[in-house]
């Protein structure tokens with residue numbers, strides 16, 4: 001009798017142990033975003049886009065239990081590093097994503113590479129990480145910083161603007177935008193201004209533009225900077241004689257409601273548009289608006305795309321996603337339908353894609369949105385100019 | 001070129017007058033109560049949020065402004081009577097610590113109530129156009145409106161301080177707190193009044209700048225630094241000094257940002273010229289402060 005009891009107890013223990021031993025470890029994503037402060041709209045949109053993708057996949061990336069840890073870098077490189085340390089050391093994340101700003105990325109990236117934690121960029125990536133400092137652990141499925149500005153430069157040349165004034169914020173990404181535009185724009189640069197990051201009063205720069213009297217202004221500003229610049233530009237009456245050209249992020253779903261009619265007609269270049277004709281994009285745009293009661297922005301599409309990419313990668317890893325080599329190769333060759341119709345990784349693990357020309361229009365409901373001007377992209381099948389500098393590409 | 005300079009001068013004066021509204025309260029609190037109040041910027045933030053919310057609720061910028069300013073003044077008085085009053089005889093470190101704590105509490109509270117996303121408000125339609133000033137030079141009406149309101153308040157403040165009994169108490173308090181108390185001035189009442197006044201001025205600045213800029217958590221901190229620069233340049237406790245210092249800071253900042261890039265344009269390396277120009281224009285006001293302090297360590301208008 002005693003013997004039998006022992007056996008039952010043993011079996012019970014053995015049975016209760018097996019499921020725990022078999023269940024796979026969850027995949028852990030660290031979402032480091034600038035979630036508070038004046039520039040928080042970008043990361044918030046990316047976060048909502050990413051979560052929508054996760055929801056579409058039943059809360060499991062590639063069918064595997066998924067844990068997402070959130071951290072707020074406050075758009076500050078030092079804070080970003082601290083948040084990263086917490087994620088890497090105490091939350092044991094496998095992949096980080098979500099950062100909106102180049103200066104935070106450049107602060108976090110080297111440590112992540114040393115720790116062998118995958119960094120999947122959900123926003124524009126700096127040129128170093130595409131070129132000389134490219135890394136096995138770094139993927140940028142989104143766009144390299146100057147991609148949209150280069151396309152805007154090409155458009156401005158085609159449009160026949162003779163003199164253009166260029167304004168961009170005075171930090172790395174801003175300079176990359178300005179250089180990208182000027183590289184592709186063949187006319188004369190009527191003047192340049194470098195504003196402070198997060199600057200909200202552009203009266204001085206608007207005075208400079210008035211004095212330079214160009215045909216058009218290229219402004220590489222985003223979030224509240226873009227809103228205030230365009231509003232103040234119009235309030236000063238400059239919109240009557242000077243055109244505005246920009247990259248898609250400046251006049252997107254996150255800024256258009258605040259911009260209102262001031263933005264109608266502005267030409268801009270983007271890798272994504274709410275009206276791109278593919279089924280994945282249609283579902284994304286519809287569901288995003290249903291879920292969050294606001295239209296999807298490019299940033300939201302980027303977050304969503306990272307979700308789709310990781311879902312496919314984890315699925316293709318076939319349970320071995322804790323193995324760096326397996327996960328790396330699965331991300332690189334992930335098979336899924338992109339919201340951008342066309343996307344693949346180039347050799348430096350950055351995006352190869354199309355860049356479209358869009359224009360801000362009023363839709364039938366009277367809301368502002370972007371419309372692709374032509375289904376022929378400004379740039380087709382574009383990778384970035386830094387592939388050659390990347391050691392990974394040489395292999 | 002002349003029009004360009006005139007425009008930048010207007011921009012500088014406009015920004016300077018808003019800085020003055022912040023600095024006036026700060027310098028009085030500093031001068032009369034010998035109190036460093038870091039939470040002054042929080043009152044600016046709270047004022048901006050209240051004005052924006054009331055403007056949206058009542059659909060009138062005027063009502064929003066008046067209501068928001070009154071509410072912020074009330075918050076200022078309550079803050080003074082409940083907490084800050086206990087700090088006047090403490091050392092500066094204690095004051096800094098407590099008021100820094102208030103900043104954190106205010107930021108978190110505002111974030112809980114209004115959310116982390118910035119609020120963008122639009123200005124009243126009647127003020128959102130531009131008017132021709134000289135020839136074909138159009139200047140936004142709203143910025144002119146800000147300049148007019150700023151000048152008006154400066155004049156009212158001058159009247160209040162030089163012509164009224166309360167103003168006399170304030171001046172007496174600034175000159176010698178103990179003596180004023182000994183001569184029978186109700187110094188506690190004066191302190192509360194000054195604090196309420198400072199809060200009201202903050203709210204006016206926040207309410208006016210809100211539609212022009214954006215309203216977000218932490219907006220008070222960056223502008224507070226400039227307000228302290230103004231107080232130090234103008235001389236602690238002097239309202240005229242705050243006015244002079246604020247306009248000086250505004251104009252130097254605007255002209256620096258406009259002229260330094262032009263001056264450096266002839267440099268051969270464009271990239272270097274650009275980054276040098278923005279760095280130099282960013283430090284121009286601090287350079288101004290250093291120069292003023294070298295010449296008059298007590299500030300422009302302090303004895």
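Numbers at a glance
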| read-out | value |
| --- | --- |
| log10 of Debye I(q)/I(0), alpha-carbon scatterers only, for the range B:2-218 at 0.12 Å⁻¹ | -0.68 |
| Rh by Kirkwood over Cα pairs, then Stokes-Einstein D for chain A at 0.692 mPa s and 37 °C, µm²/s | 150 µm²/s |
| Per-residue Cβ neighbour rank within 10 angstrom, fewest leading, A:101, B:63, A:181 | B:63, A:101, A:181 |
| Within 10 Å of each Cβ in B:121-134, the average number of Cβ atoms from other chains | 2 |
| Rg followed by Dmax, in Å, when the range B:140-295 is reduced to its Cα trace | 19.4, 68 |
| Extension gain (nm, one decimal) between residue B:96 and residue B:9, 0.36 nm per residue minus Cα-Cα | 27.8 nm |
| Inter-chain Cβ neighbour average for residues B:212-220, partner chain, 10 Å | 5 |
| With Cα atoms, 0 to 90° folded angle of helix B:165-175 axis to chain B main axis | 80 degrees |
| Between 0 and 90°, nearest 10: helix B:2-33 axis offset from chain B longest Cα axis | 20 degrees |
| Residue A:391-residue A:158 pseudo-label distance in nm [points 7 Å out on the Cα-to-Cβ vector] | 3.9 nm |
| Label point distance in nm, residue B:59-residue A:282, each placed 7 Å from Cα along Cα→Cβ | 4.0 nm |
| Efficiency of FRET between residue B:171 and residue B:296 - r from beta-carbon atoms, R0 25 angstrom, step 0.05 | 0.75 |
| Label-point gap, in nm, between residue A:92 and residue A:128 - each point 7 angstrom along Cα→Cβ | 3.1 nm |
| Mean separation of Cα contacts under 8 Å (6+ apart) over length of chain A, as relative contact order % | 18 percent |
| Equivalent ellipsoid dimensions for the protein assembly as shown as semi-axes, Å, which come from the Cα gyration tensor, largest first | 49, 34, 22 |
| Chain B - percent relative contact order, Cα under 8 Å, separation 6 or more | 35 percent |
| Crossing angle, helix B:61-82 versus chain B [Cα axis fit, 0-90 degrees, rounded to tens] | 40 degrees |
| Distance between the range B:32-55 and the range A:250-286 - C-alpha centres, whole angstrom | 37 Å |
| Span from the the range A:123-143 Cα centroid across to the the range A:225-249 one, whole angstrom | 31 Å |
| Max mean-square fluctuation residue, GNM over chain B, Cα-Cα springs under 10 Å, options B:103, B:225, B:147 | B:225 |
| Whole-number percent relative contact order across the range A:44-137, with pairs defined as alpha carbons under 8 Å at least 6 apart | 22 percent |
| Ascending count of other beta-carbon atoms within 10 Å, so fewest first, for A:127, A:371 | A:371, A:127 |
| 10 Å Cβ neighbours from other chains, averaged over peptide A:196-204 | 6 |
| Highest-MSF residue in chain A out of A:348, A:370, A:278 [GNM, Cα springs under 10 Å] | A:278 |
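Laboratory data are not the source of any read-out in this text; all were calculated from the coordinates shown. Bear in mind the structure is a predicted one, so any value in this text is a computation, not a measurement. So basically every Cβ, Gly included, is an ideal-geometry build from the backbone, and we count neighbours across all protein chains shown.
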